[in-house]
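Student: Before I ask anything, let me first share the structure, which is written out below as structure tokens.
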Amino acid sequence: MASSHSFALDAIGVIESDYPDKFGIPRQPGLALDARATLVLAPPYNDPLSVRGLEAFSHLWLSFIFHQSPERWTPLVRPPRLGGNAKVGVFASRSTHRPNRLGLSLVELVDIDTRQGVRLVLRGCDLVSGTPVVDIKPYLPWAESRPEARAGFAPEAPTQLPVCFSAEAEATLAVRSDNESLRALIIQVLRQDPRPAYHDRKRKTGDARVYGVRLRDVDVRFCAHHHENATTFEVVAIV
């Protein structure tokens, strides 16, 4: 029986992250640990009393809104892990196109800044800048870690592909103060193959198509090199 109830949700804060665009964001949290993010709590939730005791926890659950997804849903979706072709039920997936557009992300809590309001410094975040967060809960490993659980069509972490840098890209990185962390972030994002799942992944060697992903304040342009059954991503430019 369908419920006639509706609920209003207030955003308790907003995410500021290294991901200005949703393209390229890892499809799960914790896969790009060099991604910087901050949850800035909004009034009246930015009272330091609201986070008293939170420093005792290393990880948090964030409930948020997929605010850049269309306000529509379908009962069947195409998970990227299935190549973007096979369909499963929306409730058997983590698709962003879901009723109420609610998401859940497990992130590492690095620091709590209460000098002006409340800012939670996070690690391993997979959220685009501007994402509204509607709730925070501490992660309890004894209650929520189930290594024996079945993982359906995604039983293992995604395959990680090698990433290399052109001389031009290396030169751009060399003059930046965040050289090491930006390099690590680029590798962590690209090695998971951020290309759309529906694109043909079996292009011939030397395919000249160049993709772009925005990270921090730069556009990272990369291409794929295919050698027999192996794929390597080359960062051709950072602009």
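Student: Once the dipole of segment 88-239 is set up with Lys and Arg at +1 and Asp and Glu at -1 on Cβ about the Cα centre, which of SER181, SER166, GLY212 lies farthest towards its positive end?
Tutor: GLY212
Student: Follow-up. Rounded to the nearest 500 deg cm²/dmol, what is the calculated helix-only ellipticity per residue at 222 nm for the chain, with -39500 (n - 2.57) per DSSP H run of length n ≥ 4?
Tutor: Numbers: 3 runs with 24 residues, N = 239.
Helix contribution divided over all residues of the chain: -2500 deg cm²/dmol.
Student: Then there's this: What ratio of Cα Rg to 2.2 N^0.38 Å holds for segment 103-175?
Tutor: Working: Rg = 18.3 Å, N = 73, 2.2 N^0.38 = 11.2 Å.
Compared with the compact-globule rule of thumb, segment 103-175 sits at 1.63.
Student: Expressed in nm to one decimal, what extension gain is obtained for the pair SER63 and TYR139 from 0.36 nm per residue of sequence separation less their Cα-Cα distance? Could you put the intermediate results ahead of the total?
Tutor: Values: separation 76, 0.36 × 76 = 27.36 nm, distance 1.23 nm.
Contour length minus Cα-Cα distance gives 26.1 nm.
Student: Give me the angle, in degrees from 0 to 90, between the Cα long axis of helix 179-190 and the longest principal axis of the Cα atoms of the chain, rounded to the nearest 10.
Tutor: 90
Student: Let me ask something else about it. What translational D, rounded to a whole number of µm²/s, comes out for segment 97-143 from Stokes-Einstein when the hydrodynamic radius is the Kirkwood one over Cα pairs, at 10 °C and 1.306 mPa s? Working shown, then result.
Tutor: Values: Rh = 12.8 Å.
The calculation lands on 124 µm²/s.
Student: Could you tell me which label, among (1) 18.5; (2) 19.7; (3) 20.8, carries the value of Kirkwood radius over Cα pairs in Å calculated for this structure?
Tutor: Of the listed options (1) 18.5; (2) 19.7; (3) 20.8, (2) comes from this structure.
Student: May I ask you to derive the relative contact order of the chain, considering only C-alpha pairs under 8 Å and at least 6 residues apart, and to give it as an integer percent?
Tutor: Numbers: 448 pairs, mean separation 62.0, N = 239.
So the answer I get is 26 percent.
Student: Mean separation of Cα pairs under 8 Å and 6+ residues apart, divided by the residue count of segment 13-144: what relative contact order is that in percent? Please list the in-between numbers first.
Tutor: On the way: 271 pairs, mean separation 55.5, N = 132.
The value is 42 percent.
Student: Would you work out the charge dipole size for the chain about its Cα centre, treating the Cβ of every Lys and Arg as +1 and the Cβ of every Asp and Glu as -1, and quote it to the nearest 20 debye? Display every interim value, and only then the final one.
Tutor: On the way: 29 positive and 27 negative charges, 189 e Å.
Rounded to the nearest 20 debye, it is 900 debye.
A short reminder: the numbers here are calculations on the coordinates, not readings from a lab. Every value quoted in this text rests on a predicted model; they were computed, and no experiment measured them. All Cβ positions, glycine included, derive from the backbone under ideal geometry; neighbour counts span all protein chains shown.
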